[in-house]
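What follows is a short report on a single structure.
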Amino acid sequence: MTRICVLIDALGWAYLKDRDFLPEILTYRTEVQTVLGFSSGAIPTLLSGKPPRESGHWNLFYYDPLHTPFRWIRYFTWLPASMLNSRVVRRGVRFVSQRVSRFGGYFQIYGVPVELLPYFDICEKDDIYRPGGVPGSIFDDLQRSGTRFRSYTYHECSDREIILRACHDLKDRQFDFYFIYLAEIDAFLHHSCADEKAVESEIRRYEQWLRELYAQASRVDDEVDLLVCSDHGMTPKRAGYDLIAQIKVLRLEMPKDYLALYDSTMARFWFFNENSRNLIVSRLGDLDCGRVLTQCEKKGFGIDFSDNRYGDAIFLMNPGMLIEPSFMGKQAPNGMHGFDPVEDPYASAAFLTNRHPGRAVRTLVDVHSVLVDWLEQSRDMVRA
């Protein structure tokens with residue numbers, strides 16, 4: 001039995017629900033609710049079956065000035081912000097910090113001001129597509145079971161090269177379980193999600209690649225399980241909103257009074273006195289472009305961290321409304337993800353297989369359960 005799980009970043013249900021996609025192979029298809037946030041939270045949930053508060057993985061940055069890989073920057077914060085945030089210096093900061101920390105996972109600093117980096121740590125310290133990357137992930141289970149497996153990701157090569165390598169390994173029957181992560185369609189949809197013709201062409205390109213993959217697997221094994229899923233969708237931009245300007249007029253100081261991280265779809269705040277908390281929360285409450293998440297909502301989204309490492313207050317933008325400028329860039333992309341996974345019709349991930357999964361699949365946790373079922377079935381086959 002050959003089992004193949006293909007995770008296609010951002011290819012959400014909205015782009016597949018009314019479109020044939022390997023219809024002769026993937027006969028079971030359904031919508032899957034993602035987690036609030038980005039791939040940094042969604043993929044660990046899929047891999048481990050745990051919500052962010054249990055996996056520890058949510059947004060890339062979290063408050064931890066004691067263990068930050070950027071602590072060395074403190075010795076240079078006396079330099080002008082314009083110098084610290086020049087392109088050359090920022091490139092050097094990323095390179096040195098990654099080398100010093102020896103982190104093996106996804107390491108980016110985006111547009112976070114360099115002078116603020118020493119207050120934050122990065123959640124993805126290890127390669128999450130390897131055993132030990134996320135506590136209790138499917139890769140830990142595979143290793144523990146002795147299953148022959150391999151994961152293919154952007155850490156090694158392009159999406160096309162990944163497919164070619166997997167086909168080569170399938171031909172040689174190198175493994176029994178293949179995990180294939182295709183990341184490039186995410187960048188494509190950020191830029192071109194509103195271009196229907198371009199989207200159709202890109203989806204057909206990936207469809208053909210997967211058809212080649214399945215054909216190769218079927219040539220060497222009569223029994224092949226193919227699962228294709230995504231981590232989230234992609235929402236077309238409706239408008240941009242300068243949230244940073246709304247906070248700056250309050251004349252509070254960072255980092256003396258508060259800290260803020262302005263992602264594209266949400267802003268996260270940490271307060272160091274009651275005055276800053278009251279002023280910022282009150283100002284956010286007056287805005288109609290989004291809302292401050294309640295504690296009940298945080299719990300429902302699985303992001304109610306007891307230490308508030310990911311924010312004392314989280315302001316979530318309305319679907320399609322982007323923070324512009326943000327720490328992700330001066331101009332927001334044409335498409336983005338990270339909105340309310342219940343309210344946003346574009347947020348949902350997709351799940352498609354060539355066999356009925358044998359259980360209801362409604363969330364990313366359920367997708368993980370299907371992978372665990374695969375592993376259990378393999379064990380039963382060995383025992384038989």
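The values are calculated or read from the model by the stated rules, or taken from the named source; none is laboratory data. Here the structure is a predicted model, which is why all the values come from computation and not from measurement. FYI the Cβ positions are ideal-geometry reconstructions off the backbone, even for glycines, and counts take in every protein chain you see. Surface accessibility is based on the protein's heavy atoms, side chains included, excluding ligands, DNA and RNA. Shrake-Rupley method; radii C 1.70, N 1.55, O 1.52, S 1.80 Å.
Judged by the ratio a/c of the largest to the smallest principal axis of the C-alpha gyration tensor, region 89-196 counts as oblate, that ratio being 1.5 or greater while a/b is no larger than b/c. For the chain, the relative contact order comes to 31 percent (Cα pairs under 8 Å, sequence separation of at least 6).
Counting only protein heavy atoms and a 1.4 Å probe, the chain has 44 square angstrom of accessible area per residue.
Rg/Rh for the chain (Cα atoms only, Rh after Kirkwood) is 0.98.
Placing pseudo-labels 7 Å out from each Cα toward the beta carbon at R251 and A360 gives an inter-label distance of 5.6 nm.
Only lysine pairs 8 or more places apart or on separate chains count here, and in the chain those with Cα atoms under 16 Å apart total 4. Taking every C-alpha pair closer than 8 Å and separated by at least 6 residues, the mean separation divided by the residue count of region 11-85 gives a relative contact order of 17 percent. Only Lys, Arg, Asp and Glu carry charge here, each on its Cβ (+1 for the first two, -1 for the last two); on that basis region 219-307 has a dipole of about 720 debye about its Cα centre. What you get for region 39-157, charging only the Cβ of Lys and Arg (+1) and of Asp and Glu (-1), is a dipole of about 320 debye around the Cα centre.
The mean sequence distance of close C-alpha pairs (under 8 Å, at least 6 residues apart), as a share of the length of region 1-149, puts its relative contact order at 24 percent. Among P319, P51, P23, the largest mean-square fluctuation in a Gaussian network model of the chain, built with springs joining Cα atoms closer than 10 Å, belongs to P23. Springs between Cα atoms under 10 Å define the GNM used for the chain, and in it the highest mean-square fluctuation of V89, V292, V114 occurs at V89.
Using only Cα atoms, locate the centre of region 11-63 and the centre of region 292-341, then give the distance between them in Å, rounded to an integer. Computed from Cα coordinates, the inter-centre distance equals 17 Å.
Of the residues F315, G329, L375, the one whose Cα sits farthest towards the positive end of the charge dipole of region 304-379 is L375 (charges of +1 on Lys and Arg Cβ, -1 on Asp and Glu Cβ, taken about the Cα centre). Between 0 and 90 degrees, the angle of helix 87-101 with respect to the longest Cα principal axis of the chain falls at about 60 degrees.
Put simply, the amide H of F120, placed in the peptide plane, has neighbours under 5 Å in D64, leaving out anything fewer than 5 places away on its chain.
About its Cα centre, how strong a charge dipole does the chain have in debye, to the nearest 20, once Lys and Arg get +1 and Asp and Glu get -1 at the Cβ? Mind showing how you got there, number by number?
Numbers: 46 positive and 52 negative charges, 208 e Å.
Once rounded to the nearest 20, the dipole reads 1000 debye.
The order of D195, D304 by accessible area, most exposed first and with a 1.4 Å probe, is D195, D304. When shorter helices are ignored and each DSSP H run of at least 4 residues is given -39500 (n - 2.57), the per-residue value for the chain at 222 nm works out to -10500 deg cm²/dmol. When each of the peptides 280-288, 239-247 is scored by how many other beta carbons lie within 10 Å of its residues on average, the order from highest to lowest is 239-247, 280-288.
Between E376 and F95, the contour length at 0.36 nm per residue exceeds the alpha carbon distance by 97.0 nm. On the chain, 50 percent of the accessible area sits on carbon and sulfur atoms, based on a 1.4 Å probe.
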